[in-house]
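Accompanying notes for the structure given below.
Every number here is computed from the coordinates shown, using simple stated rules; none is lab data. The shown structure was predicted, so the numbers you read here are calculated from the model rather than taken from an experiment. Every residue, glycine as well, gets a Cβ built from its backbone with ideal geometry; the counts of neighbours run over all protein chains shown.
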Amino acid sequence: MDAAKGQYIHWLEDAVRLLNPEGILLSDNVLQEGELIESRYLVERRNRTIYKRMREYLYELKHNPSLITSIIPLGDGVTVSVKQE
């Protein structure tokens, strides 16, 4: 997934549904240039919605029982999720 970061959470359900068992979902730019690990109050006001949605997205990836997800702090951050059978 590499599109509007604030929309990742909205596309996740369909992306997981379309994945075959053992299919891989890659998500790019998930750490928002490091802002995502900062306190919400340190993020510029104009970026807070994207920040909130991306945190929701990461939470859903990590807590989805049909996915095993790793977050890789490479560049702006990448996740690798594998769908379980």
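Is region 45-85 rounded, prolate or oblate when judged by the Cα gyration tensor, a ≥ b ≥ c being the square roots of its eigenvalues, rounded requiring a/c under 1.5 and prolate requiring a/b larger than b/c?
Details: a/c = 4.36, a/b = 1.67, b/c = 2.62.
Note, shape of region 45-85 comes out oblate.
Order the peptides 71-77, 19-25, 8-14 from the highest to the lowest mean number of other Cβ atoms within 10 Å of their residues. All intermediate terms of the calculation are to be shown ahead of the outcome.
Numbers: 71-77: 13.4, 19-25: 11.9, 8-14: 15.4.
In decreasing order of mean packing, 71-77, 19-25, 8-14 become 8-14, 71-77, 19-25.
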